[in-house]
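Please read the structure below before turning to the comments.
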Amino acid sequence: MNKLKYILFTLLAGAVIVIILPVVIPLTGKNNFPADYRIPYYLGEDYFLFGKYAGSVSDGRTTAVIGDSVIWGHYASDTDTLTAHLNSKSATVKFSNLGIDGIHPAAMYGLAGNFCRKFTGKKIIVGINLLWMSSPRHDLTGAKNSEINHKILLTQFTETIPAYSPSSEEKLSFVIKRNIPFLLWIDHLKLTEFREKSFYRWSMDNPSESICSFFKPQINPYEVPAPMDFRKLPKQKIDWIDPGKSLQWKYTLKTINNLKEKNNRILALITPFNIYMMTDESVKQHALITAEMKKILEKENITVVIPSTPGIDKFADSSHPAGKGYETIAGELLKNSDFIKFINE
Amino acid sequence: MLFQTWTFLLFFVIVYTLFRFIKNSSGRSYLLLAASFIFYGWWNPLFLLLLLWIIAADYLIIMFMQTTGRRKLLLFLSIANSLVLLSSFKYAGFITSNINELIALTGSAFQLPAPGFILPVGISFFIFISMGHVIDFYFGRVERERNIARHALFVSFFPQISAGPIARAGELIPQFKEWRSGGNSDLADGLFLYICGLFKKIALADYFALYADKIFGNPVQFGSSDLLLGALAFTWQIYFDFSGYTDMARGIARCFGIELMENFRLPYMAASTGEFWGRWHISLSSWFRDYLYIPLGGNRNGKIKEARNIMITMLLSGLWHGAAWNFVLWGFIHGILHSSGRLVRKIPRIDSVPVSVKRIVIFILVMFAWIFFRAESAADAFGFITGIFSGGFTAPAMPSFMMLLIALCYVYGLIKEYGFIKFMEKPAVKRVVALLMIAWILVFASSDASDFIYFQF
């Protein structure tokens, strides 16, 4: 009986630690996320923080804007992103940046399913960046690829992603990790409170440094990368993936449907692509794909907004606008009747 | 399937849950046999054929030994079968490359093709387990196990199949016949042992491995101090890696009510080489003692034959660990140390040397021997040792925290040796220690699951 008590006590203590600790000591450093907040670049894989931020957005009145690095603002400072410009052009803060840098729509589906669970009856703008359909490699329909971001968010066992082939152990560990907040909290702790994620590796790289310095996180502000000088590059022929075969498109639809099923109202924002870098044939193909997507989404009663392409100097690379580009797009959106209707409803 | 992975944890939870539902002895044996086959086949289902062959062959040989009376011939057949399999899978490449080198010396361009066998995980372990069973039956130390499922479970029992302990039929089979409860008490003890093993592997061995791998990976880049500390880091890495695995294996077996033999008893606290081998990989050293050293004559026929028997045993022990000359050399060094240790004992007043001094001397000797074990080749090992004594002292690149941890490990061994930490056996203390170990693993240790060193044997 004593041993049974011992096991029960240990299990109970374990459960208390696992469930209570992340709630009592969230260590997010923030109880209220400021207006125009975006997940810091170095915390892009901190899903515990994202969950907390998404929870806070779901409780608030702002419209959530989810998407990849175009929404997050890879070539923009905190005050130069799409949501930042939308907010500055509106009288009050109306939009929250829930973008994550480098997230493929297949991972976005996992992000929405696992960490946006509290979103019900909310207005959500889903950013669609056609970059992911610009080649089989980007679309994850090509050869096996070990450089996939946010693998933990991908579908692990139920569906096949051709470019993704981890071991069953890796898949299982991802499923367990993303479903146990305690494990995500541990990662959060490491990312926010420690100098590096692994103490052991840090001590190897800094053998003579005091252990205490490991507990002083070194937070460098995000350095906005310089825009590409694509004017000198020859025009590219893009190997566009047909929407019927594209994983990006399949998971974008799944994400939208998933959010819609929870009584959220969705606006699909197909962000502009840098057509100045493409051959004429690729530009035509891009227009056809965009039109087809719009048609499919409208059939599903989703409001679709496609801003016009800003000038060449407002792009930073093939799909990312620079700060000025975001300003232009935000201005255009706030004049778009469908957009205004969606926001004001 | 590695013990420290989620896959294994899931596997264990399923098997253990089923185990608790099954109350009869044969049902439990069948369940664990099925689990053992799944566990072993997880690496490569083809390896199961080899395991099944060993199980079936030795089962039939024991049966025919009893029914036909041709015991000696059958024993020879069993040993030959085991050694041929072991040689084919483990030593074929080594033998071929050595023959090719000899051929090359004659100036001939002819070369034998490389066999290209994949070494099945744990082959040296389960073959020795099964071989020991046949030898024990031959000498009348154990009864014949008629139930083939129980015989098969003894050879393939999943906690021990990949890296031991090398169980004895007389100890394990009776436990499969009359299962202990495998209840809450066993579960508590088993889980604690498992967590200890996990901590040794992930928090200690894998950390020391970061430094040892760096130094052994390119020894010419480093000065004396780093080389010496690299050898020291490997000395602790291999101990925690292997004893961690053993603790996990014993803990898992304990959850099912099975006691596996202890494999390590603070080996670095040994004050003689004989004592070291009585504390290090006990199941293997006792196997070699009982099935090789003693049948060769042991210490019964004079000093020269005793030294010869020690050398043969140690050389084969080295070869058992790996098919390469550096392992043979490692065995040879231990043979020399062990034989000369017996002579040293006869020096007058040797007993007056403090035991702490003897311990340190043995530790240093063992540490230098490990260099041959870890190095890629015998030449690398000699180069490594030359580097240690070549001077060129520079500030070592070993993290100060690692140095502190190594010192703590030694001090912990010392106070445990003298029984000063008996209070840690109290359930309440164990509980706290287990939680602290888990917390440490989660927060500070690396999350990458690495193989155990002894899996390669």
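Summary of values
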| item | result |
| --- | --- |
| One residue from B:PHE110, B:PHE117, B:PHE89, B:PHE125 being in contact with a Ser or Thr (Cβ under 9 Å, 6 or more places away or on another chain) and surrounded by fewer than 21 Cβ atoms within 10 Å (Cβ to Cβ) | B:PHE117 |
| Residue, modelled with the lowest pLDDT, within the range B:442-457, restricted to residues that are more than 10 Å from chain A (Cβ to nearest Cβ) and open to solvent by less than 30 Å² (accessible area, probe 1.4 Å) | B:PHE457 |
| Failed condition for B:GLY132, given (1) within 25 Å of the chain's Cα centre (by Cα); (2) open to solvent by less than 60 Å² (accessible area, probe 1.4 Å); (3) over 26 Å from B:SER285 (Cα atoms) | (3) |
| Candidates A:ASN149, A:ASN97, filtered to the one that is closer than 21 Å to A:TYR41 by Cα, in contact (Cβ under 8 Å) with a residue 40 or more places away in the chain and open to solvent by 60 Å² or more (accessible area, probe 1.4 Å) | A:ASN149 |
| Any hit, the range B:428-435, residues being at pLDDT below 85, over 22 Å from B:PHE240 (Cβ atoms) and within 14 Å of chain A (Cβ to nearest Cβ) | yes |
| Checking B:GLU259 against (1) open to solvent by less than 10 Å² (accessible area, probe 1.4 Å); (2) more than 14 Å from every other protein chain (Cβ to nearest Cβ); (3) outside any helix (DSSP H, G or I), the condition it does not meet | (1) |
| Test: residue in the range B:121-143 that is at pLDDT below 90 and within 14 Å of chain A (Cβ to nearest Cβ) | no |
| Odd one out for B:PHE423 among (1) within 29 Å of B:GLY335 (Cα to Cα); (2) out of contact with any His (no Cβ under 7 Å at 6 or more places or on another chain); (3) away from every other protein chain (no Cβ under 14 Å) | (1) |
| Residue count, the range B:164-223 (criterion: open to solvent by 30 Å² or more (accessible area, probe 1.4 Å), part of a loop (DSSP other than H, G, I, E, B) and at pLDDT below 85) | 4 |
| Identity of the residue in the range A:163-184, within 13 Å of A:ILE152 (Cβ to Cβ) and open to solvent by less than 30 Å² (accessible area, probe 1.4 Å), that ends up farthest from the other protein chains (Cβ to nearest Cβ) | A:TYR164 |
| Breaking point among (1) among the hydroxyl-bearing types (Ser, Thr, Tyr); (2) within 14 Å of chain A (Cβ to nearest Cβ); (3) touching a residue at least 40 places away in the same chain (Cβ under 8 Å), for B:SER390 | (2) |
| Selection within the range B:99-145 - closer than 22 Å to B:LEU73 by Cβ and touching a residue at least 60 places away in the same chain (Cβ under 8 Å) | B:ILE127, B:PHE128, B:SER130, B:MET131, B:GLY132, B:HIS133, B:VAL134, B:ILE135, B:PHE137, B:TYR138, B:ARG144, B:GLU145 |
| Residue identified as among the aliphatic types (A, V, I, L, M), buried (at least 19 other Cβ atoms within 10 Å of the Cβ), in contact (Cβ under 8 Å) with a residue 24 or more places away in the chain and within 22 Å of B:TYR410 (Cβ to Cβ) among B:ILE371, B:ILE333, B:ILE310 | B:ILE371 |
| A:TYR200 being more than 24 Å from the chain's Cα centre (by Cα) and either more than 9 Å from every other protein chain (Cβ to nearest Cβ) or assigned to a helix (DSSP H, G or I) (or both) | yes |
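Quick grid of which residues meet (1) more than 22 Å from B:ALA407 (Cα to Cα); (2) in contact with a Lys or Arg (Cβ under 9 Å, 6 or more places away or on another chain):
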position: B:ALA203; (1), (2): no, no
position: B:ALA209; (1), (2): no, no
position: B:PHE216; (1), (2): no, yes
position: B:PRO219; (1), (2): yes, no
position: B:GLY223; (1), (2): no, no
position: B:ILE238; (1), (2): no, yes
position: B:SER243; (1), (2): no, yes
position: B:GLU259; (1), (2): yes, yes
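Matching residues to (1) modelled with pLDDT of 70 or more; (2) of a type in the set (A, V, I, L, M); (3) surrounded by fewer than 16 Cβ atoms within 10 Å (Cβ to Cβ):
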residue: A:MET1; (1), (2), (3): no, yes, yes
residue: A:THR10; (1), (2), (3): no, no, no
residue: A:ALA15; (1), (2), (3): yes, yes, yes
residue: A:PRO22; (1), (2), (3): no, no, no
residue: A:THR28; (1), (2), (3): no, no, no
residue: A:PRO40; (1), (2), (3): yes, no, no
residue: A:LEU43; (1), (2), (3): yes, yes, no
residue: A:PHE48; (1), (2), (3): yes, no, no
residue: A:GLY51; (1), (2), (3): yes, no, no
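The values are calculated or read from the model by the stated rules, or taken from the named source; none is laboratory data. Please read these numbers as outputs of a predicted model, since none were measured by experiment. Positions of Cβ are generated from backbone atoms using ideal geometry, with glycine treated the same way; all protein chains shown enter the neighbour counts. When the accessible area is computed, the model is the full protein with side chains, heavy atoms only, and any ligands, DNA or RNA have been set aside. Shrake-Rupley method; radii C 1.70, N 1.55, O 1.52, S 1.80 Å.
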